[in-house]
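Trainee: Supplied in structure tokens, the structure appears directly below.
The values are calculated or read from the model by the stated rules, or taken from the named source; none is laboratory data. Bear in mind the structure is a predicted one, so any value in this text is a computation, not a measurement. Quick reminder, even Gly has a Cβ in these numbers, built from the backbone with ideal geometry, and neighbours come from all protein chains shown. Areas reflect the complete protein model, heavy atoms only, side chains present, ligands, DNA and RNA absent. Shrake-Rupley method; radii C 1.70, N 1.55, O 1.52, S 1.80 Å.
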Amino acid sequence: MGNQTIIEGLSGLRAVAGQSVGTSEWVTLRYEDIKAFADATGDHQWIHVDVERARRESPFGTTIAHGFLTLSLLSHFLNNSLEFGNSKMGVNYGCNRLRFTAPVKAGSRLRARFKLMEFQRIEGGVQMIWDVAMECEGQQKPVLVAEWVGRRYG
């Protein structure tokens, strides 16, 4: 892992609230990852898994990742960017806002940037709202933008 921002407890969250706090390392999203996601979810639409047809018929010229596959990478990217000191576990709580703003071609390199918009105490832990932008190397426009809600306990 690269340089992680370490956040220790509520005081650490207070110190970074409203700030950009982490950028993950780049990850290559391979065709094999897209195919495995299709197999796991049953979404075998040709734009994702049929290389020859995508080459011939898709405006993208190749297969593209499922939007929900890119979304599922957020946990990996957050854990790659940040370390939550004494936290025992984290859970996804959903998204207040989510858009898949550009296609992700097989073989693309992705990373995510995280800004802590707000946090609040909840029973047994803390709820955090993250402003997230997922970037694709070589593109100006992000491929995913979200207001993502997570919880940490312990």
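Trainee: Only residues in the range 109-135 that are touching a residue at least 24 places away in the same chain (Cβ under 8 Å) and within 25 Å of Thr28 (Cβ to Cβ) count as the first member; pair them with residues that are assigned to a loop (DSSP other than H, G, I, E, B) and of a type in the set (Phe, Trp, Tyr), Cβ under 6 angstrom, at least 6 apart or cross-chain, and list the lot.
Mentor: Hits for this filter: Arg109/Trp26; Arg111/Trp26.
Trainee: Continuing with this model, one more query. Out of everything in the range 61-89 that is closer than 26 Å to Ile34 by Cβ and of a type in the set (Gly, Ala, Ser), what residue ends up being farthest from the chain's Cα centre (by Cα)?
Mentor: Residues of the range 61-89 closer than 26 Å to Ile34 by Cβ: 61-81.
If we keep only those that are of a type in the set (Gly, Ala, Ser) too, we end up with 61, 65, 67, 72, 75, 81.
On the way: Gly61: 24, Ala65: 13, Gly67: 11, Ser72: 6, Ser75: 6, Ser81: 11 Å.
Step by step, filter the range 61-89, then rank; the result is Gly61.
Trainee: Same structure, new question: With the requirement that a residue be part of a loop (DSSP other than H, G, I, E, B) and closer than 27 Å to Thr5 by Cα, what does the range 54-85 give you?
Mentor: Taking the range 54-85 first, the residues part of a loop (DSSP other than H, G, I, E, B) are 58-63, 65-66, 73, 85.
Listed by number, the residues that qualify are Leu73, Gly85.
Trainee: Condition first: outside any helix (DSSP H, G or I), touching a residue at least 12 places away in the same chain (Cβ under 8 Å) and open to solvent by less than 70 Å² (accessible area, probe 1.4 Å). Now tell me which residues in the range 25-43 satisfy that. Before the answer, list the steps.
Mentor: Pass one, the range 25-43, residues outside any helix (DSSP H, G or I): 25-30, 42-43.
Retained after the next criterion (residues that are touching a residue at least 12 places away in the same chain (Cβ under 8 Å)): 25-30, 43.
Of everything in the range 25-43, those that are outside any helix (DSSP H, G or I), touching a residue at least 12 places away in the same chain (Cβ under 8 Å) and open to solvent by less than 70 Å² (accessible area, probe 1.4 Å) turn out to be Val27, Thr28, Leu29, Asp43.
Trainee: Just for the range 47-88: of the residues that are without any contact (Cβ under 8 Å) to a residue 40 or more places away in the chain and closer than 18 Å to Trp148 by Cβ, which one is least open to solvent (accessible area, probe 1.4 Å)?
Mentor: The selected residue is His66.
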